[in-house]
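K.L.:
Structure below; questions to follow.
The values are calculated or read from the model by the stated rules, or taken from the named source; none is laboratory data. The model shown is predicted, which means the values in this text are computed figures rather than measured ones. Using ideal geometry, Cβ is built from the backbone for each residue, glycine included, and neighbour counts are taken over all protein chains shown. Heavy atoms of the whole protein, side chains included, go into the accessibility calculation; ligands, DNA and RNA do not. Shrake-Rupley method; radii C 1.70, N 1.55, O 1.52, S 1.80 Å.
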Amino acid sequence: MSKLGTLGARLHHGEIGYDFVKNRKIWYGISILITITAIVGLAVRGLHMGIEFQGGAVFTTPKNMSVSVSTAEGYAEDASGHDAIVQKLGDGSMRIQVAGIDTKTSDTIKDRLAEDLKVDAEKINAELVGPSWGEQIANKAWQGLGIFLILVVIYLAIAFEWRMALAAFVALIHDITITVGIYALVGFEVTPGTVIGLLTILGYSLYDTVVVFDSLKEQTKDITKQTRWTYSEIANRSINSTLVRSINTTVVALLPVAGLLFIGGGVLGAGMLNDISLSLFVGLAAGAYSSIFIATPLVADLKEREPAMKSLKKRVLAKRAQGGDPDEGQAAPVTDDEHDEPDVAAAVVGPRNQPASRARGRGRPSGKRR
């Protein structure tokens, strides 16, 4: 078995683990700092809205143009009096975007560009884009986002409980805010592809969160009938048992997106790929982070406020103070019956300073065989 596979197995069986829930205040602080930075960047720099949202004209030149992008950008800005965005396409042609112009101005700019670029004006294709189309896309996106969040909260409240629904909602807002803020800081153009990317990351973020929640729900059945583990400890076990799976899923999803962003957009210069790839890249990374460091610790915080969980914690700590729990401080094993019998693989570890062979069978009713 590979080292990563061995690590995953040991995490799942509770043999090792990192206390994510105990250090939750650190993660909350980091998330608040990143979120504030994103909000400040959004407020100061704003979003660079694409031509689809502002309206304007798109000029496409003939193939195999020898003029550089910076030179063409200067020509377009001089001809229009507006900022221009120039992209070099794969066939050597150029896509020149100029926002905030009408049909009459578009014809004048086209003739001026043909003169500067030394090409026939008839070979330059001009397309006008109205701002109403982009506004419709934005409105539909907001509607879709609102409906999605409402349905997610309702589903999680029914399938799990309202605390998990609230935690998942906070994690989703966290991911969207960070992604939009980084978009503002980087200065990438916001296009319909960006909107698609933002809506796509919601599913990825929610997937990792639900995986951990499902494990947590399974492991906390009849939790008040035992006095070995608190809710926070079992929540921490749920994170550790799904940690490697979450990392693998995120890495596999990030690799092709990183190829689009860094190779397609950065090396090959296909700027249109940046629109969707940046939102996906940042959103996937933020979603993996929030599912581990935000959502589940927040659920543990909310649950520990319940009277039943407070009473359980007192009983657990009292038992440990009396020396009744030899495995104090270890990760909580998965229980498989009403006697709180540990999982076989976790039981092999045994109590501290005791050989594994002597640990096997401890806690089993007499005569019980597997």
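K.L.:
Give the carbon-plus-sulfur fraction of the accessible surface of the stretch 176-242 in %, rounded to a whole number; probe 1.4 Å, heavy atoms of protein chains only. Numbers along the way, then the final one.
P.N.:
On the way: 1370 of 2270 Å².
Carbon and sulfur together cover 60 percent of it.
K.L.:
Using a 7 Å offset from Cα along Cα-Cβ at LYS313, what residues in the stretch 204-232 end up with backbone N under 13 Å from the label point?
P.N.:
Answer for the stretch 204-232: 230-232.
K.L.:
Could you sort THR35, THR6 by their accessible area in this structure, using a 1.4 Å probe and putting the largest first?
P.N.:
Details: THR35 30, THR6 55 Å².
Ranked from most to least accessible, the order is THR6, THR35.
K.L.:
Only four residue types carry charge here, +1 at the Cβ of Lys and Arg and -1 at the Cβ of Asp and Glu. Report the dipole size of the stretch 166-263 about the Cα centre in Debye, rounded to the nearest 20.
P.N.:
Numbers: 6 positive and 7 negative charges, 76 e Å.
Using Cβ point charges on Lys, Arg, Asp and Glu, the stretch 166-263 gives about 360 debye.
K.L.:
Could you give the spread of the C-alpha atoms of the stretch 167-294 along their three principal axes, from largest to smallest, in whole angstroms?
P.N.:
The principal-axis extents, from largest down, are 60, 23, 19 Å.
K.L.:
What is the spin-label model distance, in nm, from ALA157 to ILE247 if the labels are put 7 Å beyond Cα along the C-beta direction?
P.N.:
Label at ALA157, label at ILE247, 3.6 nm between them.
K.L.:
Using +1 at the C-beta of Lys and Arg and -1 at the C-beta of Asp and Glu, which of LEU206, ALA126, LEU216 has the Cα lying farthest in the positive direction of the dipole of the stretch 66-218?
P.N.:
Most positive-ward Cα: LEU216.
K.L.:
Under 17 Å from the Cα of LYS225, which lysines turn up, not counting those fewer than eight places away in the same chain?
P.N.:
LYS217, LYS303, LYS310, LYS313, LYS314, LYS319
K.L.:
At 1.4 Å probe size, with every protein chain present, just tell me what the per residue accessible area of the stretch 62-151 comes to in Å².
P.N.:
Numbers: 5440 Å² over 90 residues.
Value for the stretch 62-151: 60 Å² per residue.
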